[in-house]
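S.K.: One structure follows; several queries about it will come next.
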Amino acid sequence: MGTQVIFGAGPVGRALARVLLDRGDSVRVVTRSGSGIAGTDPVAADASDGARVLEVTEGAEAIYNCINPPYHRWATDWPPIAEALLRAAERHGAVLATTSNLYVYGEVSAPMTEATPMASTGTKGQVRAQMWTEALAAHQAGRVRAFEVRGSDYVGGSSLLGMIAPALAKGRTAMVPAPLDVKHTWTDVRDVATLLATGARDERAWGRAWHVPSADPLTLRELSAVAADQLEVRLKVRELPWSVAWLGGVAVPLLRELRETRHQFTRPFILDSSAAQETFGLLPRTVADSVAYDLAEQGLVPAAPAGTASTEPTAPSTPV
C-alpha cells in the first residue's frame, strides 16, 4: 500500500493526518518549513516547485491538497501549485483529493448542491473554479483520478470563531465583521478530513465534487452563544459596522479580501450535504462538538480525551 501524502499542515491537514494515522496508513506531510505532525514523515518542499513535488510524492497512493495560501495571493500562488499537484498525481498514478470551498458558486439565493453552477465573479472563486475545471478535464481524459470536497466556513480552524472566542474568554465584547442574525452553514474540519480520506479509496468519489457533511445552519449569534456557553461566560458580541471593516481593508489584507465574500453573510448561506451523507454514510458532527474542538484547538478549553463521545460523528441533520 502506498503512502498518503498531505500538502499543508493547517487545520484540515492536521485533522486529515490524524484520520489517516488512525487508519494505520503511512503518512507524509509536506510543508514549506518541514514542520511535522506527530506520527508522520515531515518533508520540506515548495508546492509550486513541480520538480520537487514529483520527488516528494514518489510512491504516493493519494495526494491531498490541504494548502491555503494567503487570501490576497490566491491569484498568483494557486495556479502553479495546482499544476504541480495535478502533474504529480498523473505521473505517479495517485488519487488527487483537493480541499475546496463554496466560493466557486458566487452569490446564491437557495441552498447549494453540487449541481449549483460555478458562477463566481470574484477572483478567489474564479481561481478555485479554474483549478477544479482543469482537474476534472484531466480525470475525464483518463489521465488522473481526481475529486474535490467543498465545505462552508470552518469550525475547528475558523477565522470567525477565532475572532470571537478569545474576546469572550476574556469577558470582552467580540466584534464581528458580518451580520449576526443570518443563517449560515458551518463545517467541522474533521468532517472535511473524513470525506477526503474516504473518497481517496472509494471510486464512487472520483470525477466530481462533494459537499462535506455539515450540521444544520446557525447564525453567527447562535454559534457565538454555543461558544459562550462552553466557556461559561456571558455572550457579548456585536457586528462591526461594514464601513469600518471596509476602511480597515486598506491596511489589513484579510479584511480587504473579505469584501469579495461578504455576500455569504448578508443572506442565508446554506449547504446541502445530503449527497455525501447518503453515498458514503458519513454523518456530520454536532455544532456543540465542533465548537468544543475549536475552543480546544485555540487552547481556550481542555481537549477532550481521545475516544470520548464528543469526538464521534452524530446522527445526520435534516438535509436543507
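Readers should treat all values here as calculations from the given coordinates under stated rules, not as data from a laboratory. Everything numeric here is computed off the predicted structure, so don't read it as measured data. Heads up, the Cβs are rebuilt from the backbone with ideal geometry, glycines too, and the neighbour counts pull from every protein chain shown.
S.K.: What FRET efficiency comes out for M175 versus S35 if R0 is 30 angstrom and r is the Cβ-Cβ distance? Round to the nearest 0.05.
M.R.: Efficiency computed from Cβ-Cβ geometry: 0.45.
S.K.: Still on this structure: For G207, list long-range residues whose amide hydrogen, built 1.01 Å from N in the peptide plane, is under 5 Å from its own amide hydrogen.
M.R.: A146, F147
S.K.: Run the numbers for K183 and A75: contour at 0.36 nm per residue of separation, minus the present Cα-Cα distance, in nm. Can you show the working numbers first?
M.R.: Details: separation 108, 0.36 × 108 = 38.88 nm, distance 2.95 nm.
Stretched out fully, the K183 to A75 stretch lengthens by 35.9 nm.
S.K.: With Cβ to Cβ distances under 15 Å as the rule, what net charge do the other residues near G39 carry (K, R +1; D, E -1)? Don't skip to the end; give the middle numbers.
M.R.: Details: positive: R14, R18, R23, R28; negative: D22, D25, D41.
Cβ neighbours under 15 Å give a net charge of +1.
S.K.: Please list, in chain and number order, the residues 5+ apart from Y154 or on another chain whose amide H is under 5 Å from its amide H, with Hs placed from the backbone.
M.R.: Under 5 Å from the amide H of Y154 lie the amide H atoms of S159, T187, each far enough along the sequence or on another chain.
S.K.: Still on this structure, please answer the following. Among K124, K170, rank each residue by its count of other Cβ atoms within 10 Å, from fewest to most, as a rough exposure measure. Mind dumping the intermediate values first?
M.R.: Numbers: K124 19, K170 11.
Lowest to highest Cβ neighbour count: K170, K124.
S.K.: What is the spin-label model distance, in nm, from E107 to T219 if the labels are put 7 Å beyond Cα along the C-beta direction?
M.R.: Distance between label points: 2.2 nm.
S.K.: Label Q140 and A119 with points 7 Å out from Cα along Cα→Cβ: what is the distance between them in nm?
M.R.: Distance between label points: 2.0 nm.
S.K.: Can I ask one more? Alpha carbon centre of region 77-145 versus region 179-196: separation in Å?
M.R.: What the calculation gives is 19 Å, centre to centre.
S.K.: Out of residues 5 or more away from V237 or on other chains, whose amide H comes under 5 Å of its own, with H placed 1.01 Å from N in the peptide plane?
M.R.: For V237, the qualifying residues are A174.
S.K.: Would you list V212, V182 from fewest to most Cβ contacts within 10 Å?
M.R.: V182, V212
S.K.: Which of V237, V192, V301 ends up with the largest GNM mean-square fluctuation for the chain, with Cα atoms connected below 10 Å?
M.R.: Comparing V237, V192, V301 in a Gaussian network model of the chain, the most mobile one is V301.
S.K.: Could you run the Karplus curve 6.51 cos²θ - 1.76 cosθ + 1.60 with θ = phi - 60° over region 43-58 and give me ³J(HN,Hα) per residue in whole Hz, x for Gly and Pro?
M.R.: Here the 3J(HN,Hα) series is 9, 8, 6, 8, 5, 8, 8, x, 5, 5, 4, 4, 5, 7, 9, 4 Hz.
S.K.: Computed FRET efficiency, Cβ-Cβ of E83 and W206, R0 22 Å: what is it to the nearest 0.05?
M.R.: Once rounded, the FRET efficiency stands at 0.65.
S.K.: Please work out how much length the chain gains when fully extended from M1 to T279, using 0.36 nm per residue of separation minus the C-alpha to C-alpha distance, in nm with one decimal.
M.R.: 97.6 nm
S.K.: What list do you get for F280, F269 if you sort them by fewest beta carbons within 10 Å?
M.R.: F280, F269
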